[in-house]
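The block underneath contains the structure these notes are about, expressed in structure tokens.
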Amino acid sequence: MNTHIHESVKDEKGFTLVELAIVMVIIGLLIGGILKGQEMIANAQVSATVAQAKGIDAATSTFRDMYDALPGDINNPTIRLPNCAGTCANAGDGNAQLENGPGSNAGENLDFWAHLNAADLLSGVDNSGAAVWGQGLPSAKAGGGFTVGYTNNGTLPNNPAGVGRGGHWLTIQGVPSTPGAAALTASEAARMDRKMDDGSSSTGSVIASDGGNCEASAGVYNEAADVQDCGLNIRIQG
């Protein structure tokens, strides 16, 4: 009887140190793989948003070449653009400038997207006239969406560091009705800036909108802070 008890206890063995080490290695590899996958997804979203911005810039230039007018500002869209109905039918004043500043989602600034869509130069928007990402306004892959506007003196939304050059600017923002509202982390904004411009948050053709913690100092993105506190302004050839 004592022998039987001794054998039962002997058979109930736990994991060896080697087995535990193997399990820990496997768990570590799984966690590392998940984190690496998340990083790859984030990088892909940043690259895709850069491609979107460049595509909008190219589409604007192509529209001007085709129609000798600026989308949103063209004064006879129903005559010149194919299948132009709904918001697309809104005519601009033809002065080669969008009527509202960067970050705006009304008037010619909203019609801009419908005219590009009617000319088959931009997808991801419709003619509903709804100032909503994925409807009247294009959404951005990294977060938020795009608006567009004109400034004659370089004033940009939510930009305490200074001003850019006069002209037409895309703005990546989190809320359609709030110019410069944060949509990106400082790291995402910085990577986009480096891909398209000089990497400085306050100079060049890509300038940050600061939600409070986007810049560590003038011109320097606060990349250590993993907080969605940045918008981005991108100058286009319009």
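Just so it is clear, none of the values below were taken in a lab; they were calculated from the coordinates. Source: prediction; values computed, not measured. Heads up, the Cβs are rebuilt from the backbone with ideal geometry, glycines too, and the neighbour counts pull from every protein chain shown.
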Can you give me the long-range amide H partners of Ser209? Hydrogens built in the peptide plane at 1.01 Å from N, cutoff under 5 Å, separation of 5 or more residues or another chain. Gly231, Leu232, Asn233
Two-site FRET efficiency, Val175 against Leu29, from Cβ-Cβ distance with R₀ of 41 Å, rounded to 0.05: 0.55
Need one number: nm distance between label points at Ala130 and Ala58, each 7 Å from Cα along Cα→Cβ, rounded to one decimal. 2.9
Quick calc, region 16-236, dipole around Cα centre from Cβ unit charges on Lys, Arg (+) and Asp, Glu (-), nearest 20 debye, gives 240
On the first, second and third principal axes, largest extent first, how far apart are the outermost C-alpha atoms of region 131-222 in Å? 35, 29, 23
Across every pair of different alpha-carbon atoms, what Kirkwood hydrodynamic radius in Å does region 98-149 reach? 10.7
Between Ala106 and Gln237, what FRET efficiency follows from the Cβ-Cβ distance if R0 is 22 Å, with the result rounded to 0.05? 0.45
Please compute the length gained on full extension between Arg80 and Ala44, using 0.36 nm multiplied by the number of residues separating them and subtracting their Cα-Cα distance. 9.2 nm
Note the direction-averaged projected area, equal to a quarter of the hull surface, for the Cα convex hull of the chain, in nm². 19.2
Sort out for me the Cα centre separation of region 54-114 from region 173-187, rounded to whole Å. 23
Just need the Rg to Rh number for region 168-238, please, alpha carbons only, Kirkwood Rh. 0.94
Need the full-extension length gain, Thr155 to Ala89, defined as separation in residues times 0.36 nm minus the C-alpha distance. One decimal, nm. 20.8 nm
Result row for the chain, helices from DSSP H with C-alpha axial extent 30 Å or more and mean Kyte hydropathy at least 0.5, is 17-67
Using a basic spin-label model with each label point 7 Å from the Cα along Cα→Cβ, how many nm lie between Lys141 and Val220? 3.1
Determine the gain in length on full extension of the stretch Asp197-Asp65; use 0.36 nm per residue of separation and subtract their C-alpha separation, reporting nm with one decimal. 45.0 nm
